[in-house]
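Where a number appears in this text, it was derived from the coordinates with a stated rule and is not lab data. Not measured: the values here are computed from a predicted model. Counting neighbours? That spans all protein chains shown, and the Cβs are built from the backbone with ideal geometry, glycine included.
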Amino acid sequence: MVEDESRMRDLLERGLGEEGYSVDTAQDGPSGLWMALENDYSAIVLDLMLPRLDGIAVCERLRAAGRWAPVIMLTARGEMDDRVRGLDAGADDYLAKPFGFAELAARLRALVRRGSTERPPVLTVGSLTLDPARRRAWRGSTPLDLSPKEFSLLEMFVRHPGEVLSRTRILEQVWDFAYMGTSNVVDQYVTYLRRKVDKPFGSTDIETVRGVGYRLKSGSHDAPQGIGALNDPQDRYCDPEQLDQVKRYPTSLPRREGETRE
Ligand code: CA
């Protein structure tokens, strides 16, 4: 249970103890997050307004880390937006303060009985996070407001980090085989995507590979130093056709900032 108000925390801890739960408590967001990452809890009671890291951020980071313990979020009465944000952040239920303890106990029983639901993994490349199941994306902890097509395009990039994706391949996957338009639409949507995903954050993750297509920089943690050519994403992922094109236009490949390449 993560709750910063000590009287509420003591009350809930005692009440839940009497219900037969074994309860760990945290008083702020970071310590609650740390405990929830370190332990497998049957359920997490998470206050929304917390010092240093609020309940929404705690929940998002838990989900981004692939931890699916059911979360019930405590919100102040009438904070409709916060409730919606809480559910969007991956909370399973919410309860508006003030609430009766019996109601919390009942909801908690239901959540624990249901257990953590199986969810597809959240995808992460660098500071980009994608939740394919809920069709939501973040740069760091900032939610990205993407249209369905923009999301599909970003999802394709995130599923193939460091890989050069040709316009044709993008067109086939994101617009499906039946699409009769030109590949200009890919360029157009990459521009839209950059405006939302890169520019506001001063990053240039979606790279143009001239004569070929586009590539999402793989996060620096994906490319440990010293592995050399074996770790070159082009060697690992490119299909022969693309590799040919890359070889044909070797000087057109933009060098990534800070990248060291033999
Ligand atoms: Ca609070």
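How would you classify the stretch 3-151 from its alpha-carbon gyration tensor, with a ≥ b ≥ c the square roots of the eigenvalues: rounded for a/c under 1.5, else prolate if a/b is greater than b/c, otherwise oblate? Because a/c hits 1.5 or more and a/b exceeds b/c, the stretch 3-151 counts as prolate. Once backbone amide H atoms are built at 1.01 Å from N, Leu216 has Gly162, Glu163, Glu207 as its partners under 5 Å, excluding neighbours fewer than 5 places away on the same chain. Each label point was placed 7 Å from the Cα along the Cα-to-Cβ direction; for Thr204 and Arg7 their separation is 5.7 nm.
Highest mean packing comes first when the peptides 62-75, 129-142 are listed by Cβ atoms within 10 Å, giving 62-75, 129-142. The calculated FRET efficiency for the pair Val185 and Arg14, based on their C-beta separation and a Förster distance of 51 Å, comes to about 0.25.
Between Ala110 and Ser147, residue separation times 0.36 nm minus the direct Cα-Cα distance comes to 9.9 nm. You can think of it this way: the chain between Tyr192 and Ser127 has 21.5 nm of extra reach, that is 0.36 nm per residue less the Cα-Cα gap. The label-point distance for Asp24 and Gln173, in a model that sets each label 7 Å from Cα toward Cβ, rounds to 3.8 nm.
Kirkwood hydrodynamic radius computed over the stretch 124-216 comes to 13.3 Å, based on all pairs of distinct alpha carbons.
Working from Cα pairs under 8 Å separated by at least six residues, relative contact order for the stretch 124-216 is 28 percent.
Please report the relative contact order for the stretch 15-147, taking Cα pairs under 8 Å with a sequence separation of at least 6, and give it as a percent rounded to a whole number. Worked out over the stretch 15-147, it gives 19 percent. Can you check what the net charge comes to around Arg14, using other residues whose Cβ is under 13 Å from the Cβ of Arg14 (Lys, Arg +1; Asp, Glu -1)? Combined, the nearby Lys, Arg, Asp and Glu give -3.
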